[in-house]
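Shown next, in structure tokens, is the structure this report addresses.
Read the figures in this text as sums done on the coordinates, not as results from a lab. Only a predicted model underlies this, so the values are computations on that prediction, with no experimental measurement involved. Cβ placement follows ideal geometry from the backbone for every residue including glycine, while neighbour counts extend to all protein chains displayed.
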Amino acid sequence: MTVETTSAVTDPERMHRIYRHLHTHPELSMQEHATADFIAAELDDLGIENFRCGGTGVVGVIRNGPGPVVAFRADTDGLPIAEDTGLDYASTATGTLEDGTEVPVMHGCGHDTHVTSLLTAARELLGRTGDWSGTLVLVFQPGEETAAGARAMVDDGLWDRAPRPEVVLGQHVMPARAGSVTLSHGTAMAMADALRVTLYGRQSHGSQPQSAIDPIVLGAHVIARLQTIVSRELDPRSPAVITCGTFHAGLKENIIPDRAVFTLNIRTFEQDVREQVLAAVRRVIAAEAAASNAPEPLVEEIYTFPRCYNDPDAAARVESALRAELGADNVSVGEPVMGSEDFGHLADSIGVPAVYWMFGGFAPDTGEPPVNHSPFFAPLIEPTLTTGTRAAVAAILTYLTPNP
Ligand code: ZN
Ligand code: ZN
């Protein structure tokens, strides 16, 4: 037996006000200071105990008698994008990247819908504490876009300071019909690894290759050979992507430079495939450098995104709760995607199951909606926010103890 959910949000105006405020005031990853203050003030206003964690992360805890502990995560960061949606609540905010560059900032991945939905779900659940018992942990996580936030919160003692949950739940808005929800059973999103590689050569005049070790020719061989890892080494049934997104070398056509620097983005679904690909990447880079008689290259990790895996039993439980709440026509089972998320680390770090789903934010009849990270990404306020809130409430309640 599960607790019955309600089909509407009790104070939609308040929810919309929160959303517009967040959308107008986005902040860059790990710099979400005003966002954290805003979230903490909302939690204070609701009488929910809360604390800061992992820098700009905020954790709220609702203790409502004995019963299971459930955690729900909403990510809070914006992106360096100049918003071009034309909305009257569009962002004109700016921020400063780590290297000092001033950039426009936008909630271009819709994390403002996640925060709004979770704050509203908390308010809905507080309004009916007689219906359920247990503990709800609200995790407002910074820095999803840089894969820094989940790790920062866990490293700052998240699960020592908050009650340990038996499941961690989360959701993300996407370019699909508002009102609909998609979740996968098993792998939900890919692991991602980004590397920066510096190839060293020996600088010389462009007319005198006999005195040089050419890092550009070396780099060309490395990049081409890296593509054979997926095509010639992996089991074709194991998906992987190796993309070289940048390559920089040299200043003038008649100088052979002393180095070349490139970056790689690697996506995989399985841990053993990930390890196989990373080992092969390092092997190819080292072996090609040796073949060029070049010094040993430098390989540095830029970031790593953990797996995002939906425990099949937990996903089935959440799926039936979502079907009951939103209607079977509005819930579908999806395939894993090659995008990445650091959500999985919150649950994996304590060995508990996680469930993560996508909810739509766009009208179906207006053509192909802009994708996340586009300057035109503008989720409909409704029914997007009500759906995100109802989905959160329904999934949480399916784990809490119903009071008769
Ligand atoms: Zn994003
Ligand atoms: Zn996102």
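Summary of computed values
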| read-out | value |
| --- | --- |
| Residue-span extension gain [SER211 to ARG63] - 0.36 nm each, minus C-alpha spacing | 46.1 nm |
| Under 12 Å, Cβ to Cβ, from PRO336 - net charge with Lys/Arg +1 and Asp/Glu -1 | -1 |
| Gained length - ARG164 relative to GLU13, 0.36 nm times residue gap less alpha-carbon distance | 51.0 nm |
| The chain: Cα Rg divided by the 2.2 N^0.38 Å rule of thumb | 1.10 |
| Relative contact order for the chain, counting Cα pairs under 8 Å that sit 6 or more residues apart, in percent | 26 |
| Inter-label distance for GLU275 and ASP44, nm, one decimal - labels placed 7 Å from Cα along Cα-to-Cβ | 4.8 |
| Cα point-scatterer Debye curve for segment 221-371, base-10 log of I(q)/I(0) at q = 0.09 Å⁻¹ | -0.47 |
| Residues of segment 12-31 with amide N under 15 Å of a point placed 7 Å along Cα→Cβ from GLU382 | 12-20 |
| Net length gained if the chain between LYS252 and ARG323 were fully extended (0.36 nm per residue, minus Cα distance) | 19.4 nm |
| Inter-label distance for ASP88 and ASP156, nm, one decimal - labels placed 7 Å from Cα along Cα-to-Cβ | 3.6 |
| Cα shape, segment 315-404, gyration tensor, a/c 1.5 rule | oblate |
| Label-point separation, ARG196 to ASP99 (7 Å along Cα→Cβ), nm | 0.8 |
| Cα-centre dipole for the chain with unit charges at Cβ (Lys and Arg positive, Asp and Glu negative), debye to 20 | 680 |
| Cut-off 14 Å between beta-carbons: net charge of the residues surrounding ASP37, Lys and Arg +1, Asp and Glu -1 | -4 |
| Point-charge dipole on Cβ atoms (K/R +1, D/E -1) for segment 202-294, about Cα centre, debye to 20 | 80 |
| Protection proxy ranking, peptides 156-163, 361-368, 76-83, 111-118, average beta carbon neighbours within 10 Å, highest first | 111-118, 76-83, 156-163, 361-368 |
| Net charge of Cβ neighbours under 9 Å - reference GLY57; Lys, Arg +1; Asp, Glu -1 | -1 |
| Relative packing of peptides 132-140, 347-355 - highest average C-beta neighbours within 10 Å first | 132-140, 347-355 |
| Shape of segment 1-149, Cα gyration tensor, a/c cut at 1.5 | prolate |
| When segment 202-294 is reduced to its Cα atoms, the Kirkwood hydrodynamic radius in Å | 14.4 |
| Trypsin sites (Lys or Arg not before Pro) within segment 25-94, DSSP loop, no more than 12 other Cβ atoms inside 10 Å | none |
| Inter-part distance where segment 83-129 and segment 379-401 are each reduced to a Cα centre, Å | 18 |
| Trypsin sites (Lys or Arg not before Pro) within segment 199-282, DSSP loop, no more than 15 other Cβ atoms inside 10 Å | ARG237, LYS252 |
